[in-house]
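The values are calculated or read from the model by the stated rules, or taken from the named source; none is laboratory data. All of these numbers come straight from a predicted model, not from anything done at the bench. Reconstructed Cβ throughout: ideal geometry from the backbone, glycine too, with neighbour counts over all protein chains shown. When the accessible area is computed, the model is the full protein with side chains, heavy atoms only, and any ligands, DNA or RNA have been set aside. Shrake-Rupley method; radii C 1.70, N 1.55, O 1.52, S 1.80 Å.
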Amino acid sequence: MKQPTFPSAAEEETKSEQNQTGAKQKSKKFPTATELISHYQKEGGLEAAEASVKVIEDLQNALVRVASSSKNASSKSKLLADARKIDAISGRLAVVDAKLETKPGYVETFALGLASGAALNGISAVWPHVTRGISQVWSAVKSGTDPSAAS
């Protein structure tokens, strides 16, 4: 079914804004949904349901144009700022996730605990021998440098 081309509500709105001069601006009454439906029924030969769908499409297009116009730049910048914040948070979460993946699991932690325990037991077994050796070296250096022992 081929639909006739009629000016949509958004196009009528922009044309009315363009036709107004810098002098006194007249406030133009926009057509209501009922008027638009009856317009599409009379001029386009559409049924009530088809005309309603066409009016809804026109209103949606007008809403999109208003939302994306340059007049709403502050909302765009707010949206971009929110998107940047979400990107930053996502990046931080990726870093935390990567750090958590490099941490040892339960099995690795248990094995490290056993190895460190064995190392401490080995050190405790060797420690008396190390201290005895250090004390012997100390006493040898002390006796070698004592002037009273040289006589």
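Numbers below:
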| item | result |
| --- | --- |
| All positions within the stretch 6-57 that are at pLDDT 80 or above and in contact with a Lys or Arg (Cβ under 9 Å, 6 or more places away or on another chain) | L36, I37, Y40, G44, L46 |
| Residue within the stretch 58-69 that is modelled with pLDDT of 85 or more, of a type in the set (A, V, I, L, M) and either open to solvent by less than 70 Å² (accessible area, probe 1.4 Å) or part of a helix (DSSP H, G or I) (or both) present | no |
| Inter-residue pairs, beta-carbon under 9 Å, first part of a helix (DSSP H, G or I) and in the stretch 92-121, second not basic (K, R), 6+ apart | A111/P104; L112/P104 |
| Some residue of the stretch 78-85 being within 30 Å of V64 (Cβ to Cβ), of a type outside the set (A, V, I, L, M, F, W, C), part of a helix (DSSP H, G or I) and open to solvent by less than 80 Å² (accessible area, probe 1.4 Å) | yes |
